[in-house]
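Below is one structure; the comments refer to it alone.
Only the coordinates and a few stated rules stand behind these numbers; no lab work does. Note that the structure is predicted; figures quoted are calculated from it, not measured. Note: ideal-geometry Cβ built from the backbone for every residue, glycine included; neighbour counts use all protein chains shown.
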Amino acid sequence: MDVRYLIDSDYEILVDWWKDWRWDAPPRDMLPQDGVGGLMVSKDGVDICAGFIYFTNSKTAWIEFIVSNFKYKEKDRKQALEFLISSLVNITRDVNNCKYIYTSLKSPSLIKRYENCGFKSGSTSCTEMIMMI
């Protein structure tokens, strides 16, 4: 498997993936815009999954908007997601010297992928709230 930084044209691919999963795509300007803001995992030229990192002015980073190619049904799908999460973790530690990573999850399957990468549960049954200003 390969991992690379997301490029602008990847956004259209991700929008299609979010639609396939029946999720509303986050607006482009809500996602990190710089080179280390997001990663794409692929195998043999097929894009499998992607995710984003938000850096703060503290030692905390936020990993969010993990999405996968709904049409990719290979047995290594879970491995690809864990490879993505681990790669995002490595960037937060190695590039920005972060000590803490936060994420907010709903999908039991994705929660399991994070647990396999060393994450521990915090609060449960929370409500995410967003305000557009």
Q: Compare Asn57, Asn69, Asn116 in a GNM of the chain, Cα atoms joined below 10 Å, and give the one with the largest fluctuation.
A: Asn57
**Q.** Calculated from backbone phi, Karplus (6.51, -1.76, 1.60) coupling profile of the range 58-65 in Hz, x at Gly/Pro
**A.** 10, 8, 10, 10, 10, 9, 8, 6
Q: Return the long-range amide H neighbours of Ile48 (sequence gap of 5 or more, or a different chain), with a cut-off of under 5 Å between placed amide H atoms.
A: Val41, Ser42, Lys43
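Could you put Thr56, Thr103, Thr124 in order, starting from the residue whose Cβ has the fewest other Cβ atoms within 10 Å? Intermediate values should be presented prior to the final figure.
Numbers: Thr56 12, Thr103 18, Thr124 7.
Ordered by Cβ neighbours within 10 Å, fewest first: Thr124, Thr56, Thr103.
Under 12 Å from the Cβ of Glu82, count the other residues' Cβ atoms, weight Lys and Arg +1, Asp and Glu -1, and hand me the total.
Overall, the nearby charge balance is +2.
Counting only other residues whose beta carbon sits under 12 Å from that of Asp10, what net charge do I get with K and R as +1, D and E as -1?
Summing Lys and Arg as +1 and Asp and Glu as -1 gives -2.
Taking a threshold of 25 Å on the Cα-Cα distance, which of the pairs Lys43/Lys99; Lys75/Lys106; Lys19/Lys106; Lys19/Lys120 fall above it?
Lys43/Lys99; Lys19/Lys120
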Q: Towards the positive end of the charge dipole of the range 2-116, with charges on Cβ (+1 Lys, Arg; -1 Asp, Glu), say which of Ile91, Met40, Leu81 has the farthest Cα.
A: Leu81
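Return a whole-number percent for the relative contact order of the chain, with Cα pairs under 8 Å and 6 or more residues apart as the contact set.
Details: 163 pairs, mean separation 27.9, N = 133.
For the chain, the relative contact order is 21 percent.
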Q.
Suppose every Lys and Arg Cβ carries +1 and every Asp and Glu Cβ carries -1, with no other charges. What dipole size does the chain come out with about its Cα centre, to the nearest 20 debye?
A. 580 debye
Q | Whichever aspartates and glutamates have a C-alpha closer than 20 Å to that of Lys71, once near sequence neighbours (fewer than 8 apart) are set aside | A | Asp2, Asp10, Glu12, Asp16, Asp20, Asp24, Asp44, Asp47, Glu82
Q) Can you run phi through the Karplus equation (6.51, -1.76, 1.60; θ = phi - 60°) for the range 68-75 and list ³J(HN,Hα) in whole Hz, with x for Gly and Pro? A) 10, 6, 4, 7, 7, 10, 5, 5
